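These notes are about the structure you will find just below.
The values are calculated or read from the model by the stated rules, or taken from the named source; none is laboratory data. Predicted, not measured: the structure shown is a model, and the values here were computed from it. Note that each Cβ is placed from the backbone with ideal geometry, even for glycine, and that neighbours are counted across all protein chains shown. To get the accessible areas, we keep the full protein, side chains included, count just its heavy atoms, and leave off ligands, DNA and RNA. Shrake-Rupley method; radii C 1.70, N 1.55, O 1.52, S 1.80 Å.
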Amino acid sequence: MNRDILQPRLVKMLLVNSGRFDYAIIDVDKSMHFHGGNNAGKTTLVNALQFLFVDSFRSMVWGGEKTSKDTREYYFKTNSYIVFEVSTPTGTQCLVVIGKGATSSNEFERWIYPGSLIPEQYLLDGNRAKDTASVKSYIDSMNGVKIDDTRMKKWLIGKGESPFGVAPLKRARDFPKYRKVFTNLLRMKKS
């Protein structure tokens, strides 16, 4: 058996109509270097990783003076998506974060489905975002499952169905420590 398949890891990241990006796809399975001027989107990409590695929005950390409301408005307009393709012990999966738009206070929901990331499933001709109904129909056709914060935490620590297991903790109660270390790393802050 291929040893790489057993190691959980982030493979690709797609942002559609989210943050500073109409469309961005990043192959994160290789080493990378972000370079760009101020407001180019470097921090947007790094902070977006929290939607994959942190179970609850309340626990995410945003720089500067951004409020939770500002952050949700920034990342989750109508028809906005952040998609992570991940390698898990049970195979490739995608975690999709779907923005609900201004009519829902820019809240978001998470879905997981088995399979690889296909950018065309989130985009119309060119780089315009598909409507949320079309994206949810696709996720449904892929046997997608909506996950809440509790299921997200289990998915991260490798418990429950189709685990990511990026934080394979022996004790689930240690998860807040993992979350703090991860968010401090993003901010490059000492623990």
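The table below lists the values:
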quantity	calculated
Portion, in percent, of the accessible area of the chain that falls on carbon or sulfur, probe 1.4 Å	51 percent
Restricting segment 83-191 to GluC sites (Glu not before Pro) in coil, as DSSP defines it, with at most 16 other Cβ within 10 Å	107, 161
Accessible area expressed per residue, the chain, with surrounding protein chains retained (probe 1.4 Å, Å²)	55 Å²
Computed accessible area, residue 70, all protein chains, 1.4 angstrom probe, square angstrom	70 Å²
Compactness index (Cα Rg / 2.2 N^0.38 Å), segment 17-125	1.08
For the chain, convex hull volume per residue from C-alpha positions, Å³	135 Å³
Those trypsin sites (Lys or Arg not before Pro) in segment 1-97 that DSSP places in a loop and that have at most 16 other beta carbons within 10 Å	20, 30, 66
Sparse-neighbour loop sites [trypsin sites (Lys or Arg not before Pro); segment 82-172; at most 16 other C-beta within 10 Å; DSSP]	128, 159, 170, 171
Accessible-area ranking of 149, 125, largest first, probe 1.4 Å	125, 149
Kirkwood-type radius of segment 17-80, with distances r between different C-alpha atoms, in Å	13.0 Å
